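One structure below.
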Ligand SMILES: [Zn+2]
């Protein structure tokens, strides 16, 4: 008989006075196709939509919402010893552009059987280059644009090429003169580079910024780095070209985190607009 009230009081105290209560900070734009950073200093684990998120020693993390992400995302902070806190991250729906591209070489819109082999080589090489991540935390830096120029194609746009519906645009396009230097937007390790002249992407550079965050640079004229090189922010990766499937000289800049593609422009403001949960 005496045990019951004591049990109730203990339960009440655990629920009401969490031992390691803290402020969880989330920065960036909560919207489809955007990357955010977070900080939960005492967390043992952070889960978003049930997925375990990699944490730095001091509890920092990054997370990307896909182009078609659900609008309500469950965030669970696990402090160990059974103590958890749950939040709902409500994100905005993004209205995606329709990109009508005319004048693309027809053989690049409807590839031949022979071209399919080339496309498989491109897909395998790029996939392998995005499977070599490190424990570096270069992603904590503030990123900058790799090229100054006009944004000629937005991330996520539904592309219609010569009248045919294509996959959504996986990066942003920056129009610039052929030969313009492309600069690393943050430190990283090169995982792919060379004059491979892939079917879609032409000559490509891929950078690993740690924790499965990669950026990709396509349609390059001349690549100036090699796989395995460490680059510092501002180092020249290559020059703007029109290799692969293009209608003119531009840089295609893409980004992915844990295989989720997102708008690379959001890397420039991933630490802005912080909210405390
Ligand atoms: Zn593009």
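The values are calculated or read from the model by the stated rules, or taken from the named source; none is laboratory data. Keep in mind it's a predicted model, so treat the numbers as computed, not measured. Cβ atoms come from the backbone with ideal geometry, glycine included; neighbour counts cover every protein chain shown.
Tabulated values for the structure
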{"quantity": "Qualifying positions in the stretch 158-184 - within 16 Å of the chain's Cα centre (by Cα) and either within 16 Å of the ligand (Cβ to nearest atom) or surrounded by fewer than 22 Cβ atoms within 10 Å (Cβ to Cβ) (or both)", "calculated": "168, 169, 170, 171, 172, 173"}
{"quantity": "Selection count where residues are within 11 Å of the ligand (Cβ to nearest atom) and under 21 Å from the mean Cα position of the chain (by Cα), scope the stretch 217-255", "calculated": "8"}
{"quantity": "All strands (runs of 3 or more DSSP E) inside the stretch 226-277 with 1 or more residues being in the same structural domain as residue 159 (by TED's automatic domain parsing)", "calculated": "236-240, 250-257, 260-262"}
{"quantity": "Subset of the stretch 201-211 that is within 20 Å of the chain's Cα centre (by Cα) and assigned to a strand (DSSP E or B) - its residue that is nearest to residue 129 (Cα to Cα)", "calculated": "206"}
{"quantity": "Top-ranked residue of the stretch 142-155 - restricted to ones that are part of a loop (DSSP other than H, G, I, E, B) and away from the ligand (no atom under 11 Å from the Cβ), ranked as farthest from residue 232 (Cα to Cα)", "calculated": "149"}
{"quantity": "Yes/no for residue 105 being closer than 22 Å to residue 209 by Cα and either at pLDDT 90 or above or within 16 Å of the ligand (Cβ to nearest atom) (or both)", "calculated": "no"}
